[in-house]
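Novice: One structure, as structure tokens, below. Some questions next.
The values are calculated or read from the model by the stated rules, or taken from the named source; none is laboratory data. Bear in mind that the values here come from a model prediction, so they are computed numbers and not experimental data. In this analysis, Cβ positions are derived from the backbone assuming ideal geometry, glycine residues included, and neighbour counts consider all displayed protein chains.
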Amino acid sequence: MEKNVTCKFLPPRKKPATVRRFVSLLLILILATVFSAQAQQQKTLTGNVTDNSGEALVGVSVVVAGTVIGIPTDINGEFSIDVPTNATSLIFSFIGMVTQVVEIGDQSIFSIILEAESVGLEEVIAIGYGVEKKATITGSVTAVQGDDLKKSPAINVTNNLVGRLPGLIAVNRSGEPGYDGSTLLIRGSNTLNNSSPLVVIDGVTGRNMDRLDPADIESISVLKDASAAIYGAQAANGVILITTKRGKLGKPTITVNLNQGFNQPTRIPEMADAATYAQTINEINLYRDRDLPYSADDIQKYKDGSAPWTHPNTDWFDETFKTWSPQQYGNVSITGGTQAMRYYVSMGANFQDGIYENSATYYNQYDFRSNLDGQVSENIHFAIDLSGRQENRHYPTRGAGDIFRMLQRGKPNLPAYWPDGTPGPDIEYGDNPVVVTTDETGYDNDDRYIFESNLKLNITIPWVEGLSVTANAAFDKEFRTRKLFQKGWYLYSWDFETYGADGLPSLIKGLRGFGDPRLRQESRQIQNITVNGLLNYERTFADIHAVKVLLGVERFQGDNANFWAYRRYFPTDIVDQLFAGSDLEKDNSGSASDYARLNYFGRLNYRLNDKYLAEFVFRYDGSYIFPKESRFGFFPGISLGWRISEENFWKENLGFIENFKLRASWGQTGNDRIDPYQYLSSYAFGGNTYIFGSTESKVLVESRIPNTEITWEVATQINVGFDGQTLDGKLYFEADYFHNTRTDILWWRNASVPNTTGLSLPRENLGEVVNRGFEYLVTYRDRVGDLSYSVSLNGGYQKNEIKFWDETPGIPEYQQSTGHPMNTNLYYQAIGIFNDQAEVDAYPHWPGARAGDIIFEDVNDDGAIDGLDRVREYKNNIPRFQGGLNIQLGYKQFDLTVLFQGSAGAVQYYSTESGEIGNFLVYDADGRWTPDNTNADKPRAKNRSEEYWANNDNTYFLRSTDYIRLKNLEFGYNFSSSLCNRLGVKGLRIYFSGINLATIDKFKVYDPETSNNAGTNYPQNRTINGGVTLTF
């Protein structure tokens, strides 16, 4: 069947011309920069780089200080670099070696010797309202650099974090353009309420990290223990700190990054073909003592394709999907500056297409960032950060869940297209996914415009050594508009009897969907303002007592307003504006809310000889969510560290471990992420109205009983750990054990209060959960000849247990939530398949059970199968273990990065609507029980939920989602400086990369990261990508 014929019925969507314009703009910038670069005054510096044995080092990064002008050394360890005449120094860096900064002076030829590096300890990490060297950090904090994130072709930043940081669980549930981010959890989940971590971008909370341009990120830090207490009531789930790039001293340096990628689903369910479907339906009817709807001749025609009009064999996924869907990404950045002003400015764009043929699904983004740092005088500094983003989401009128439900319910013996290329018939409720996935049914546009700004003023007090004050103000504004325009579409059916004069079937054109076009248009505005003042004091007394003090106050306020309007009965679908709709059945509504927080916080850090370390943090947090009497909460944290490797006894006996530090921390944080104002009675307009005279009035009814005692959820966190390094700094290691107790969890007392009361209960502080686990990180760096390499292994395990919960009185212990992990369910225990009727008769069974059915265990041995035989599972769909193996290789001018990632300990229930209403999974159909295959380990074919084991949750359908995945791979080549000079560029790199390239798992139905029982979600993506980076 030729699908390209459908173009005359379903014209392909035109790609937005904006992306092409953006690429053209980048090319113009490149050409302009080449000419300008050639006109700049420069001088050439040459030299060679070796290790302390005199061996040449290949691939050493040689960068002009304060710029991103740089090149790698060649096969002989030599370099030649053109630098601005005002350049002051060169920076030489290499994996496993100590970075050197060399003054240029009057030299033009350099001979550099690099020493072996101690891994990790000098790294500076963001810790919340400040930074700290890794060597002296006492909390559990981990970080990743922005340059590592850029090695992945994933456009969504959250997908680049998977497998890179111990303790950070990242699970990607969907690959839908615009909604393809990963769910992030720090050390698992501790509450049934919002479990996502607090995200802080450049010191400002409440911003979205998903759509940040990866090229703009300098580093990401994760606070996992008491170190998060400085963020108080929003930090119970941990904190993610993101720092964006800033300007550097030097002349302007332009970096351009362009890449082209292609996506396809990691896995789609394999559905039965038409012949298998017909055979299975015959089996079901045989079990029901009904006539068989399909003859042997029918089944043969489905197999051989000899009668495509009457006996089609349709693969609905293949008919609806492209083989690959494109994505493009581009970014251009400019950095430079003087002592008085430094700047980093970038512009970016990306485009992601959907996986559907003639797709109405795509996502566009355009973003900019400008970070300026200025100096008014020696003691006064300021920063002005501006960023903006335009997000355009375009979807069909039906969501991905509906579409994937259609694809699995689509019967393979119905055509997606008739043999002449005409769209096929209505498969159910007017649906046909090859049409519904296009603009033929209308569109659903979601456009967002985000503006974010930071203003910072820092004043060093000259008459008090070490004292400075800082004022910060952030203003964020977001505009959202959504336009859902729905119209009818045409499908073509055939009665399988009528033929035209040409001998071909006479197809009947029929309108489906909405007979009259309709439009719903929404508008929302969100505004957030954050203002804080900080006092910092840092001094070292007598060369051994180092003291750092931070005190701060912060106020956050925001508002959210939305409005929507609806009209239908449009006279035509050509005009998609509200004014064109009828006044009949029109509707509109709107709402608004505001919110505020006030916080006082501080940190005291003390170091004795950089050997004995102590830190105390606190936050006195006030939230609008709680009543006045309990609006404020105090959240402290304390941590201690001992660099035991600095002791003489250690150096004398264990000196081969050059650095070793013990850490311990205790702290409390809060969680206020619940609906606000639950201490007040809630009222809403009901559906009924009253007539007073000639006036119709809405009825106001109480919708929620208040809880005047409601207060914070409190997380008490204990962490002990160590970190160190050995083998002359080549091997770095760290490990942590944590014990978190979440008390006063907010939930409804629905179990012990019967529904017959008719009460709408408020949340109460009634739950308690304990979460325990451990994490580790091991990194080894070295070089052998021209080969440099780094291998890093990380992982984390966590398991939570409910200590107290509201339980239904009288239920057995094995069904209670208490003593089990959160978010677990009750399941009948599947212990096999009834091979024959004798086995059915010999064991307690569900009424109506027969051979081929699943055996449910009689858990309580009462001789009957009923609700008391359900057992609460000890696992859910959140992995207990997740880890990664990151390998980086450098050989001469080549580099290779490989990331393996895996998880274990999660389960996923799967269930499909197969039978007369939908198709069967091949996974279920192959090897199923039949009268001719009675020793099967799979049950007989089912029809929807007619069988008891299909509509009662049981462990047969509960499958492990353990997996190992080749998450990311990038192979790059850096061109030599001599070639770059001839091309008029400072640097040129090409690379090829991929994400989700291969997966090993036992759950073969859906992708192991899915959380949808029926697989009715947009699948995760596999991406291959190629790109180029140019520096001018």
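Novice: Against the condition within 30 Å of F881 (Cα to Cα), of a type outside the set (F, W, Y) and part of a loop (DSSP other than H, G, I, E, B), how does N1012 come out, does it pass? Before the answer, list the steps.
Specialist: Numbers: within 30 Å of F881 (Cα to Cα): yes; of a type outside the set (F, W, Y): yes; part of a loop (DSSP other than H, G, I, E, B): yes.
In short, yes.
Novice: A follow-up question, please. Output the residues belonging to region 472-495 that are assigned to a strand (DSSP E or B) and surrounded by fewer than 17 Cβ atoms within 10 Å (Cβ to Cβ). Explain how you work it out, then say what you get.
Specialist: Keep residues of region 472-495 that are assigned to a strand (DSSP E or B), which gives 472-486, 489-493.
Scanning region 472-495 gives A473, F475, K477, F479, R480, T481, Y490, S493.
Novice: Can you name the residue in region 633-659 that is of a type in the set (F, W, Y) and over 14 Å from G724 (Cα atoms) and, of all such residues, is surrounded by the most Cβ atoms within 10 Å (Cβ to Cβ)? Working first, answer last.
Specialist: Looking only at region 633-659, we keep the residues that are of a type in the set (F, W, Y), and these are 634-635, 642, 649-650, 656.
Now narrow it down to the ones that are over 14 Å from G724 (Cα atoms): 634-635, 649.
Working: F634: 12, F635: 27, F649: 8.
If we take residues in region 633-659 being of a type in the set (F, W, Y) and over 14 Å from G724 (Cα atoms), then F635 is surrounded by the most Cβ atoms within 10 Å (Cβ to Cβ).
Novice: Look through region 903-953, keep the residues that are assigned to a loop (DSSP other than H, G, I, E, B) and among the acidic types (D, E), and return whichever of them is surrounded by the fewest Cβ atoms within 10 Å (Cβ to Cβ).
Specialist: First, pick out the residues of region 903-953 that are assigned to a loop (DSSP other than H, G, I, E, B): 905-906, 910-914, 916-917, 919-920, 926-927, 929, 931-932, 934-937, 939-947, 952-953.
Those still in the list that are among the acidic types (D, E) too: 913, 916, 926, 932, 937, 946-947, 953.
Values: E913: 16, E916: 13, D926: 12, D932: 6, D937: 10, E946: 14, E947: 23, D953: 17.
It comes out as D932.
Novice: Please find, within region 978-1009, the residue that is farthest from the chain's Cα centre (by Cα) out of those that are under 30 Å from T253 (Cα atoms) and in a loop (DSSP other than H, G, I, E, B).
Specialist: Out of the qualifying residues, it is G984.
Novice: State which residue is surrounded by the most Cβ atoms within 10 Å (Cβ to Cβ) when the search covers only region 199-221 and only residues that are closer than 18 Å to V131 by Cα and touching a helix residue (DSSP H, G or I) at 6+ places or on another chain (Cβ under 8 Å). Give the steps one after another, and end with the answer.
Specialist: Applying the first criterion (closer than 18 Å to V131 by Cα) to region 199-221 yields 199-205, 217-221.
Then keep just the ones that are touching a helix residue (DSSP H, G or I) at 6+ places or on another chain (Cβ under 8 Å); that gives 200, 205, 217-220.
Details: V200: 24, T205: 18, I217: 23, E218: 16, S219: 21, I220: 27.
Looking at the filtered set, the residue picked out is I220.
Novice: Quick check, is V720 of a type in the set (V, I, T) and within 33 Å of the chain's Cα centre (by Cα)? Break it down into steps so the answer makes sense when it comes.
Specialist: Values: of a type in the set (V, I, T): yes; within 33 Å of the chain's Cα centre (by Cα): yes.
Judged against the criteria, V720 is a match.
Novice: Report yes if some residue within region 32-43 is polar (S, T, N, Q), at pLDDT 80 or above and outside any helix (DSSP H, G or I); otherwise report no.
Specialist: Our first condition is that a residue be polar (S, T, N, Q); within region 32-43, this holds for 33, 36, 38, 40-42.
Within this subset, residues satisfying the condition of being at pLDDT 80 or above are none.
For region 32-43, residues polar (S, T, N, Q), at pLDDT 80 or above and outside any helix (DSSP H, G or I): absent.
Novice: Out of curiosity, is P809 part of a loop (DSSP other than H, G, I, E, B), farther than 29 Å from T934 by Cβ, at pLDDT below 95 and over 34 Å from the mean Cα position of the chain (by Cα)? Before you say what the answer is, go through the steps one by one.
Specialist: Working: part of a loop (DSSP other than H, G, I, E, B): yes; farther than 29 Å from T934 by Cβ: yes; at pLDDT below 95: yes; over 34 Å from the mean Cα position of the chain (by Cα): yes.
In short, yes.
Novice: Any idea how many residues of region 247-288 are touching a strand residue (DSSP E or B) at 6+ places or on another chain (Cβ under 7 Å), part of a loop (DSSP other than H, G, I, E, B) and among the hydrophobic types (A, V, I, L, M, F, W, C)?
Specialist: Residues in region 247-288 being touching a strand residue (DSSP E or B) at 6+ places or on another chain (Cβ under 7 Å), part of a loop (DSSP other than H, G, I, E, B) and among the hydrophobic types (A, V, I, L, M, F, W, C): 1 in total.
Novice: In the list E357, E391, which residue meets the criterion of being under 29 Å from E176 (Cβ atoms) and modelled with pLDDT of 95 or more?
Specialist: Working: E357 fails: modelled with pLDDT of 95 or more.
Testing whether each residue is under 29 Å from E176 (Cβ atoms) and modelled with pLDDT of 95 or more leaves just E391.
Novice: Pull up region 869-885, narrow it to residues that are modelled with pLDDT of 95 or more and aliphatic (A, V, I, L, M), then point me to the one that is nearest to S817 (Cα to Cα).
Specialist: Within region 869-885, the match that is nearest to S817 (Cα to Cα) is V871.
Novice: Let me ask something additional. Can you tell me which residues in region 293-309 are part of a loop (DSSP other than H, G, I, E, B) and either at negative phi or aliphatic (A, V, I, L, M) (or both)? Walk me through how you get there before you give the answer.
Specialist: Going residue by residue through region 293-309, those that are part of a loop (DSSP other than H, G, I, E, B) are 293-295, 305-309.
Answer for region 293-309, where residues must be part of a loop (DSSP other than H, G, I, E, B) and either at negative phi or aliphatic (A, V, I, L, M) (or both): P293, Y294, S295, S306, A307, P308, W309.
Novice: To continue, here is another question. Can you tell me how many residues in region 960-989 are of a type in the set (A, V, I, L, M) and modelled with pLDDT under 95?
Specialist: Start the filter on region 960-989 by keeping residues that are of a type in the set (A, V, I, L, M), which leaves 964, 966, 969, 979, 983, 985, 988.
Filter again for modelled with pLDDT under 95, leaving 979, 983, 985, 988.
Here the count works out to 4.
Novice: Right, here's the next one. Taking only region 715-738 into account, find how many residues are under 25 Å from G232 (Cβ atoms) and buried (at least 20 other Cβ atoms within 10 Å of the Cβ). Quick ask: steps written out before the conclusion?
Specialist: Looking only at region 715-738, we keep the residues that are under 25 Å from G232 (Cβ atoms), and these are 715-721, 736-738.
If we keep only those that are buried (at least 20 other Cβ atoms within 10 Å of the Cβ) as well, we get 715, 717, 719, 721, 736, 738.
Number satisfying all stated conditions: 6.
Novice: Which residues, counting only those in region 444-463, are more than 26 Å from the chain's Cα centre (by Cα) and touching a residue at least 60 places away in the same chain (Cβ under 8 Å)? Step through it out loud before you land on a result.
Specialist: So the first thing to find is which residues in region 444-463 are more than 26 Å from the chain's Cα centre (by Cα), and the list is 455-463.
Listed by number, the residues that qualify are L455, K456, L457, N458, I459, T460, I461, P462.
Novice: Mind checking which residues of region 421-458 are within 18 Å of G203 (Cα to Cα) and not hydroxyl-bearing (S, T, Y)? If you could, list the steps in order and put the result at the bottom.
Specialist: Step one: filter region 421-458 for residues within 18 Å of G203 (Cα to Cα), giving 450-458.
Residues satisfying the conditions are I450, F451, E452, N454, L455, K456, L457, N458.
Novice: Between Q837, Q815, Q798, which is within 23 Å of N954 (Cα to Cα) and surrounded by 17 or more Cβ atoms within 10 Å (Cβ to Cβ)?
Specialist: Working: Q837 fails: surrounded by 17 or more Cβ atoms within 10 Å (Cβ to Cβ); Q798 fails: within 23 Å of N954 (Cα to Cα).
Answer to the selection: Q815.
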